[in-house]
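Nothing in this text is a laboratory measurement; each read-out follows from the coordinates by a stated rule. Worth saying up front: this structure is predicted, and the values here are computed from it rather than measured. Methodologically, a virtual Cβ is constructed for each residue, glycine included, from the backbone with ideal geometry; neighbour enumeration extends over all protein chains shown.
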Amino acid sequence: MTKLEWNAHERKEQAHSPDWYWAAAIIAVAIIVASVILHNLLFAVFILISTLVLFLHTSQKPRPVRFELTNKGLHIGKQFTPFTTLESFCVEETGEPKLLLKSKNMLSPLLIIPLESMNSDTVREYVAAYLYEEELHEPFSRKVMEFFGF
């Protein structure tokens, strides 16, 4: 097998009710007011901009992304990650199947790749030829963020 290719969405689509937006806005306003009272205007501006970016991001539909595993590494859209920069992998099959790749890079220690339409056993066999398999888990913080709709 020379390469594996599949398309998946960049993130799980979640519909947000108006109540979700109201709750996020109320929390943001409370933090902004507290920041102004404590004379931390820079943090207040940061929270305002972050809230606006969050609202814009959640209002957009997730885009489909092309994933390609080759004998040299992983292509995610136009970005390439060689196998030499990765340490190990795990195929998580509980819930939505995902390929977890442990990276040597300190800034992004774990790449989480949705498999959606791809057979997880095929991916496991392919990646096992280049990396060793170890038990990895999705970070708790990511699961919390998904729970709250981010």
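Quick grid of which residues meet (1) loosely packed, with under 12 Cβ neighbours inside 10 Å; (2) hydrophobic (A, V, I, L, M, F, W, C):
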position	(1), (2)
TYR21	no, no
LEU41	yes, yes
VAL65	no, yes
THR70	no, no
GLY77	no, no
GLU93	no, no
LEU111	no, yes
GLU116	no, no
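Could you please give the count of residues in segment 81-110 that are in a loop (DSSP other than H, G, I, E, B) and without any contact (Cβ under 8 Å) to a residue 12 or more places away in the chain?
Count: 6.
Picking from residues in segment 127-148 that are of a type in the set (Gly, Ala, Ser) and more than 19 Å from ARG11 (Cβ to Cβ), the one that is surrounded by the fewest Cβ atoms within 10 Å (Cβ to Cβ) is ALA129. Of the residues making up segment 19-72, those that are assigned to a helix (DSSP H, G or I), of a type outside the set (A, V, I, L, M) and farther than 30 Å from SER117 by Cβ number 9.
Within segment 1-16, residues that are without any contact (Cβ under 8 Å) to a residue 60 or more places away in the chain sit with their Cβ atoms under 6 Å from residues that are in a loop (DSSP other than H, G, I, E, B), at 6+ positions apart or across chains, in these pairs: GLU10/PRO62; GLU10/ARG63; ARG11/PRO62; GLU13/PRO62.
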